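Written out below as structure tokens is the structure these notes cover.
Only the coordinates and a few stated rules stand behind these numbers; no lab work does. Only a predicted model underlies this, so the values are computations on that prediction, with no experimental measurement involved. Cβ coordinates were reconstructed from backbone atoms using ideal geometry, including for glycine residues, and neighbour counts include every protein chain displayed.
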Amino acid sequence: MKINIPGFLWKKGTVIKIQPKGVDRKSSEQLETEERLKQKSSAALVESINDKDPFVRSVGIEVLGRLRDKNSVLPLLAALKDPSKYVREKAVIALGHIGDKRAVGPLIEALEDESEEVRVTSAGVLGHLKDRLAVPALIKALQDPSPITRMKASISLGIIKDPAAVTPLYNALKDENEMVRKYACEALGNIGRPAVSALLLALRDDRVRAHAAQAMVKIK
């Protein structure tokens with residue numbers, strides 16, 4: 001199999017590594033491709049984002065994220081529009097590794113992506129970036145059809161600790177999904193004193209009483 005990366009041509013050849021039992025061919029190819037990509041400059045890696053093969057694009061993006069080179073932010077933002085949902089998800093993760101605030105706006109838009117994986121990952125990365133500009137979008141994400149997205153949005157709101165999220169998080173305590181309710185309670189506890197009244201009300205609800213009590217303990 002040949003994998004073309006701008007700047008070089010690599011062909012699996014004479015030396016073949018013996019992989020541990022249980023490692024599939026795709027995983028082996030990805031590891032070997034990443035190893036080769038690491039030897040190239042960020043510029044060459046950025047070029048790989050335009051490769052016709054989504055597998056190559058995703059590997060290039062993953063390595064760029066590990067390099068944490070801020071010069072790759074703009075190409076990674078463009079990759080959020082890639083036709084492959086897997087490439088888009090890798091771009092979100094890479095932007096999270098780099099931690100540049102220029103990603104906040106595009107990641108807010110990514111919360112509307114048709115792919116659940118992209119929405120989930122974007123919700124998590126926005127919490128990592130800790131920018132209050134993301135709060136309204138994360139509040140909206142508490143209504144996402146995906147319970148995992150709702151859970152991630154709750155966690156991120158607890159990380160950002162904006163009091164504006166108290167009422168939406170309190171409403172999330174009525175979510176049909178137990179894990180969403182749990183993390184909404186934890187988020188309220190992380191927000192602290194502005195969330196005390198909401199947690200006191202939550203103590204009356206059998207479904208979240210224990211989580212609310214644990215959250216109250218964290219408030220000083």
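Structure above, values below:
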{"read-out": "Value of Rg/Rh across the range 93-220 [Cα atoms, Kirkwood radius]", "value": "0.98"}
{"read-out": "Relative intensity, log₁₀ I(q)/I(0), of the range 152-220 from a Debye sum that treats every alpha carbon as a point, q = 0.21, 0.24, 0.26 Å⁻¹", "value": "-0.70, -0.94, -1.12"}
{"read-out": "Residue-wise HN-Hα coupling along the range 181-196, computed from phi with Karplus coefficients 6.51, -1.76, 1.60 (Hz; x: Gly, Pro)", "value": "4, 4, 6, 5, 4, 4, 5, 4, x, 5, 5, x, 3, x, 9, 4"}
{"read-out": "Residues Arg209, Arg119, sorted so that the one with the fewest Cβ neighbours within 10 Å comes first", "value": "Arg209, Arg119"}
{"read-out": "Alpha-carbon centroids, the range 53-68 and the range 81-114: separation in whole Å", "value": "13"}
